[in-house]
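Have a look at the structure below, then the notes.
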Amino acid sequence: MADIAKRLQEQILSARDAGTKLNIIGGNSKSFMGRVSSGEPLMVAGHSGIVSYQPVELVLTARAGTPLTELVAALDEQGQMLSFEPPRFSNESTLGGTLACNQSGPGRPWWSSVRDQVLGIRLLNGRGEHLRFGGQVMKNVAGYDVSRLQAGAMGSLGLITEVSLKVLPKPAVTRTLVFDMPLNEALGLMNRRAAEPKPLSAACWLDNRLYLRLSGAQAAVDATVRQWQGQGEQLDDGDAFWAALRDQELAFFDGAAPLWRFSVNPTAANPALEGDWLLDWGGAQRWYRGDASMAQMQELAEAAGGQVSLFRGGDRQGEVMHAQSPVLQTLQQRLKQSFDPDGVFNPGRLYSWM
Amino acid sequence: MTDQDKPGKAQLAEMFRDFIDAEYVIVDEETLRPYECDGLSMYCEMPLIVVLPETVQQVQRVLRICHQYSIPVVARGAGTGLCAGAMPHAEGVVLSLAKFNRILSIDPLARSARVQPGVRNLAITEAAAEHGLYYGPDPSSQIACTIGGNVAENSGGVHCLKYGLTVHNILSVEMLSVEGEKLIIGSQGLDSCGMDLLALITGSEGLLGIVTEVTVKLLPQPEKAQVVMAAFDSVQQAGDAVGGIISRGIIPAGLEMMDTHAIRAAEDFAKAGYPRDAQALLLCEVDGTAEEVQEHITQVEGLFATFGATSVRTSQSEAERALLWKGRKSAFPAVGRISPDYYCMDGTIPRGQLAHVLTEMQRMSDEYQLRVANVFHAGDGNLHPLILFDANVPGEFEKTEEFGARILELCVEVGGCITGEHGVGIEKIRQMPIQFNEQELVQFNAIKDAFDPAGTLNPGKGVPTLRHCQEHRALETKPAPASMTTKGAA
């Protein structure tokens with residue numbers, strides 16, 4: 001619990017003067033993501049603590065190094081939650097890292113993503129300027145949305161030092177239904193269920209089983225369980241399943257085989273690729289384990305209307321994110337230049353050319 | 001390039017007529033006139049030329065020509081914006097996307113629709129209705145405003161506490177750069193690799209590119225919706241009741257507040273059955289499954305009573321629900337009947353500051369001798385004070401603008417912002433330095449340079465250049481719009 005923004009600013013300025021590069025590290029729980037980055041470690045976890053939390057305003061502001069566990073505990077006391085269900089790859093996972101890596105859990109299609117809930121940030125850019133964008137209110141259209149731009153940038157535009165978020169009340173009741181079902185049938189059903197006005201809050205397929213989570217007012221959840229259950233069963237420990245899915249602690253995620261993440265049209269036919277698949281986000285996020293080339297995976301992702309990344313394992317020297325069109329690549333390089341003209345932050349982490 | 005190289009009006013029109021039907025290259029004053037302003041008609045400027053292309057290739061060619069000769073380009077949808085964001089540039093081209101009005105496809109299973117930018121907001125919902133789906137954001141201009149304009153302004157509506165703004169409800173855009181190059185931003189998935197350019201484009205007020213196609217998300221229509229109306233003896237009590245609902249864990253689909261001036265004007269206009277003697281009125285809509293709505297409505301009614309509501313009424317039919325909303329939805333034109341003109345502000349504040357802000361505004365209202373009526377998106381803190389004035393009284397608009405500027409300063413002072421949903425445009429460019437310091441404005445300008453180094457896309461709007469800031473500071477004592485014709489539209 002400390003404000004070390006001044007020290008971080010000095011480190012950035014001296015790196016800039018010395019022509020050295022910095023590798024931003026929060027809780028060090030997502031160092032497996034992105035490409036291998038050179039640069040001196042810039043340790044941010046010390047910049048931690050909740051700055052303000054007004055449950056009745058549904059707004060929380062915290063320093064970027066604050067561990068998610070601390071935020072979740074504070075919200076829990078007030079019956080509220082981080083609705084984007086951020087993965088906790090370790091107990092040290094931070095708020096800043098979650099935003100920089102754009103990490104959201106199983107409820108994402110129904111409850112929003114981390115980028116959806118960001119209201120404002122403070123950012124140290126490559127000139128060492130400590131800037132404030134957005135705010136602590138739900139609606140704010142003054143200036144460009146620099147806050148949400150950071151989602152997925154993996155620190156390439158600057159060091160996020162503070163984040164303001166919209167938080168939400170926890171649902172009164174949660175139930176999980178499980179059905180034995182092959183992939184293609186499950187894919188169809190997930191999408192049809194998502195088009196119904198029911199309190200669906202997560203939909204996942206794994207090992208020939210479809211998991212549907214219902215969350216909301218007691219009466220609404222109970223009624224939907226009655227309507228939807230059919231041949232399915234209620235899972236006793238549903239919350240534990242969804243938490244393990246969120247934090248990638250299911251057996252599917254064990255082992256060293258490369259883990260690929262497809263973000264695609266939820267209705268797209270699953271790529272014809274032998275091996276282990278897990279479908280989350282009602283079909284919009286799909287995980288595959290196995291060796292493959294980036295070029296091959298990109299082709300499959302594009303056919304499914306989306307993009308792919310090599311999430312964990314495999315070759316981290318090559319590109320791990322879906323290729324960008326030349327015009328988008330140039331644009332992002334110019335944007336990088338506008339925030340970090342000397343290329344101080346996370347060189348090559350996102351793309352080799354960034 | 002020297003000025004001699006730059007084509008004149010006639011020459012430029014000739015170039016455009018080469019690939020756009022002559023009738024859609026507008027140069028004569030009479031036909032240009034309707035384009036001189038958007039919904040904020042106090043700010044007017046006649047454009048050099050208006051073009052209405054109908055294919056992406058034509059837009060590309062317009063952009064290439066304008067880029068070659070450094071001619072300003074102002075994109076325009078339905079012209080319903082409220083910040084003069086679509087006000088033309090005197091030496092520039094207005095690029096109307098009105099002919100891009102086709103819904104290209106609806107995918108009911110994937111719950112998305114591909115639409116051209118000139119499609120009206122409400123038309124998407126109407127087209128999706130047969131599939132039991134709708135498009136979430138519903139700005140009050142939704143009958144007329146276009147999705148392209150919604151993307152440019154990141155429009156909201158009365159349902160955004162629960163369903164979000166435009167930025168939360170689109171999947172991708174096809175956009176042309178200032179050079180006319182095509183970019184696809186986003187995908188059919190829920191996110192894309194790398195920095196979130198889709199968020200950056202949303203709300204960028206036509207300064208970064210020209211959107212030529214939008215893929216929006218569609219939501220399942222709720223089974224049921226009901227609205228509870230509650231009257232209170234004070235704004236403070238109504239504000240506390242809003243907090244009470246949120247604390248109970250209920251996120252209403254809509255939560256609107258009106259003060260006494262707005263209540264009376266709306267009731268006289270719409271005959272919705274609002275209590276004319278109330279100091280504050282809340283409209284709280286709950287939607288969801290039939291069971292959920294029943295459970296929440298009972299809780300909301302109880303809470304309103306606990307927080308001292310003098311009357312509570314719950315809609316018992318769709319007709320009654322529509323009637324209760326009618327008053328709120330017609331609040332702007334209703335206020336228009338009790339004053340020759342009004343000026344609508346758009347600050348956002350932390351909800352807890354509402355009573356303080358309203359008290360301060362009343363004090364300023366006495367000081368300026370100008371009445372204010374307030375409508376408030378209470379759920380998300382977006383305040384619309386309507387300053388009543390008479391443009392025919394010399395000096396009164398200037399006084400109104402000054403009053404408005406002070407309201408926005410107050411919003412920033414209490415931790416809010418200068419615009420919640422209407423955008424900066426030209427109107428609030430003077431207030432940008434209140435919310436952002438010089439380094440932040442420099443960063444905004446650097447972003448603009450990354451997309452549009454020559455600065456020809458909608459110049460003079462959204463983000464003040466630093467030169468601009470200094471000029472504005474010098475001008476601060478005498479703000480003056482170009483001209484004034486009619487009152488600000490709702």
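Quick check on this structure: which one of B:186, B:156 is out of contact with any His (no Cβ under 6 Å at 6 or more places or on another chain), touching a residue at least 40 places away in the same chain (Cβ under 8 Å) and among the small types (Gly, Ala, Ser)?
On the way: B:186 fails: touching a residue at least 40 places away in the same chain (Cβ under 8 Å).
Of B:186, B:156, the one residue that is out of contact with any His (no Cβ under 6 Å at 6 or more places or on another chain), touching a residue at least 40 places away in the same chain (Cβ under 8 Å) and among the small types (Gly, Ala, Ser) is B:156.
For the stretch B:427-443, give me each residue that is more than 9 Å from chain A (Cβ to nearest Cβ) and in a helix (DSSP H, G or I). Break it down stepwise before answering.
The initial filter retains those residues of the stretch B:427-443 that are more than 9 Å from chain A (Cβ to nearest Cβ), namely B:427, B:429-430, B:433-434, B:438.
Hits for the stretch B:427-443 are B:429, B:430, B:433, B:434, B:438.
Which of the residues that make up the stretch B:94-111 are within 14 Å of chain A (Cβ to nearest Cβ) and of a type in the set (Val, Ile, Thr)?
The answer is B:106, and nothing else.
Go through the stretch B:112-168 and report how many residues are within 10 Å of another protein chain (Cβ to nearest Cβ), within 21 Å of residue B:187 (Cα to Cα) and more than 12 Å from the chain's Cα centre (by Cα).
So the count comes out to 5.
Name the residue, out of A:56, A:51, A:72, that is within 14 Å of chain B (Cβ to nearest Cβ), surrounded by fewer than 24 Cβ atoms within 10 Å (Cβ to Cβ) and under 17 Å from residue A:1 (Cα atoms).
Result of the check over A:56, A:51, A:72: A:51.
Could you tell me whether residue B:407 is more than 10 Å from every other protein chain (Cβ to nearest Cβ) and part of a loop (DSSP other than H, G, I, E, B)?
Judged against the criteria, residue B:407 is not a match.
Please tell me if residue B:287 is out of contact with any Ser or Thr (no Cβ under 8 Å at 6 or more places or on another chain), part of a strand (DSSP E or B) and facing chain A (nearest Cβ under 10 Å).
Criteria met by residue B:287.
Looking at (1) out of contact with any helix residue (DSSP H, G or I) (no Cβ under 6 Å at 6 or more places or on another chain); (2) of a type in the set (S, T, N, Q); (3) at negative phi, which is the one condition that is false for residue A:201?
Evaluating residue A:201 over (1) out of contact with any helix residue (DSSP H, G or I) (no Cβ under 6 Å at 6 or more places or on another chain); (2) of a type in the set (S, T, N, Q); (3) at negative phi leaves (1) as the failure.
Tell me yes or no: at least one residue of the stretch B:412-426 is surrounded by 24 or more Cβ atoms within 10 Å (Cβ to Cβ) and part of a helix (DSSP H, G or I). Break it down stepwise before answering.
First, pick out the residues of the stretch B:412-426 that are surrounded by 24 or more Cβ atoms within 10 Å (Cβ to Cβ): B:416-425.
Now restrict to residues that are part of a helix (DSSP H, G or I): none.
The answer is no, given that none of the residues of the stretch B:412-426 is surrounded by 24 or more Cβ atoms within 10 Å (Cβ to Cβ) and part of a helix (DSSP H, G or I).
Before we move on, is residue B:423 within 14 Å of chain A (Cβ to nearest Cβ) and in contact with a Pro (Cβ under 9 Å, 6 or more places away or on another chain)?
no
On the basis of being touching a Leu at 6+ places or on another chain (Cβ under 6 Å), touching a residue at least 60 places away in the same chain (Cβ under 8 Å) and of a type outside the set (Asp, Glu), does residue A:213 make the cut?
no
Conditions first: (1) in contact (Cβ under 8 Å) with a residue 40 or more places away in the chain; (2) at the interface with chain A (Cβ under 9 Å from one of its Cβ atoms). Residue B:196 passes all but one, so which condition is the exception?
The number of the failed condition is (1).
Looking at the structure I just gave you, is residue A:264 more than 8 Å from every other protein chain (Cβ to nearest Cβ), under 29 Å from residue A:147 (Cβ atoms), crowded, with 21+ Cβ neighbours inside 10 Å and not hydroxyl-bearing (Ser, Thr, Tyr)?
Values: more than 8 Å from every other protein chain (Cβ to nearest Cβ): no; under 29 Å from residue A:147 (Cβ atoms): yes; crowded, with 21+ Cβ neighbours inside 10 Å: yes; not hydroxyl-bearing (Ser, Thr, Tyr): yes.
No, not satisfied.
Say we look at the stretch B:312-325 and pick out the residues that are of a type outside the set (Val, Ile, Thr) and surrounded by 15 or more Cβ atoms within 10 Å (Cβ to Cβ); which of these is nearest to residue B:278 (Cα to Cα)?
Among those that are of a type outside the set (Val, Ile, Thr) and surrounded by 15 or more Cβ atoms within 10 Å (Cβ to Cβ), it is B:313.
Taking the criterion of being within 14 Å of chain A (Cβ to nearest Cβ), in a loop (DSSP other than H, G, I, E, B), crowded, with 23+ Cβ neighbours inside 10 Å and among the charged types (D, E, K, R), would at least one residue in the stretch B:242-257 satisfy it?
no
Here's the yes/no breakdown for (1) hydrophobic (A, V, I, L, M, F, W, C); (2) buried (at least 19 other Cβ atoms within 10 Å of the Cβ); (3) closer than 22 Å to residue B:146 by Cα:
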position: B:24; (1), (2), (3): no, no, yes
position: B:30; (1), (2), (3): no, no, no
position: B:35; (1), (2), (3): no, yes, yes
position: B:63; (1), (2), (3): yes, yes, yes
position: B:69; (1), (2), (3): no, no, no
position: B:74; (1), (2), (3): yes, yes, yes
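List, please: which pairs have Cβ atoms under 6 Å, are six or more places apart or on different chains, and start with a residue in the stretch B:444-457 that is at the interface with chain A (Cβ under 9 Å from one of its Cβ atoms) and end with one that is among the hydrophobic types (A, V, I, L, M, F, W, C)?
Short answer, once both residue conditions are applied: B:444/B:463; B:448/B:207; B:450/A:335; B:451/B:208.
Would you confirm whether any residue within the stretch B:296-303 is away from chain A (no Cβ under 14 Å) and not aromatic (Phe, Trp, Tyr)?
First, the residues of the stretch B:296-303 that are away from chain A (no Cβ under 14 Å): B:301-302.
Still in the list and also not aromatic (Phe, Trp, Tyr): B:301-302.
Yes: one or more hits.
Hey, among B:359, B:419, which residue is out of contact with any Phe, Trp or Tyr (no Cβ under 8 Å at 6 or more places or on another chain), at pLDDT below 95 and of a type in the set (Ser, Thr, Tyr)?
B:359
Among the numbered criteria (1) under 25 Å from residue A:167 (Cβ atoms); (2) outside the structural domain of residue B:385 (by TED's automatic domain parsing); (3) surrounded by 22 or more Cβ atoms within 10 Å (Cβ to Cβ), which single criterion is violated by residue B:295?
Evaluating residue B:295 over (1) under 25 Å from residue A:167 (Cβ atoms); (2) outside the structural domain of residue B:385 (by TED's automatic domain parsing); (3) surrounded by 22 or more Cβ atoms within 10 Å (Cβ to Cβ) leaves (3) as the failure.
Within the bounds of the stretch A:271-294, is there any residue that is assigned to a loop (DSSP other than H, G, I, E, B), of a type outside the set (A, V, I, L, M, F, W, C) and within 14 Å of chain B (Cβ to nearest Cβ)? Break it down stepwise before answering.
Looking only at the stretch A:271-294, we keep the residues that are assigned to a loop (DSSP other than H, G, I, E, B), and these are A:271-275, A:284, A:290-293.
Next cut, of a type outside the set (A, V, I, L, M, F, W, C) only: A:271, A:274-275, A:290-291, A:293.
With within 14 Å of chain B (Cβ to nearest Cβ) added as a condition, the list becomes A:271.
Looking through the stretch A:271-294, at least one residue is assigned to a loop (DSSP other than H, G, I, E, B), of a type outside the set (A, V, I, L, M, F, W, C) and within 14 Å of chain B (Cβ to nearest Cβ).
Listed here are the residues, each with its yes/no results for (1) outside the structural domain of residue B:348 (by TED's automatic domain parsing); (2) surrounded by 23 or more Cβ atoms within 10 Å (Cβ to Cβ); (3) under 19 Å from residue A:266 (Cα atoms); (4) modelled with pLDDT under 95.
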{"residue": "B:152", "(1), (2), (3), (4)": "yes, yes, no, no"}
{"residue": "B:161", "(1), (2), (3), (4)": "yes, yes, no, yes"}
{"residue": "B:167", "(1), (2), (3), (4)": "yes, yes, no, no"}
{"residue": "B:170", "(1), (2), (3), (4)": "yes, yes, yes, no"}
{"residue": "B:173", "(1), (2), (3), (4)": "yes, yes, yes, no"}
{"residue": "B:179", "(1), (2), (3), (4)": "yes, no, no, no"}
{"residue": "B:183", "(1), (2), (3), (4)": "yes, no, no, no"}
{"residue": "B:194", "(1), (2), (3), (4)": "yes, yes, no, no"}
{"residue": "B:197", "(1), (2), (3), (4)": "yes, yes, no, no"}
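The values are calculated or read from the model by the stated rules, or taken from the named source; none is laboratory data. Computed from a prediction, not measured in an experiment: that's the story for all the values here. Positions of Cβ are generated from backbone atoms using ideal geometry, with glycine treated the same way; all protein chains shown enter the neighbour counts.
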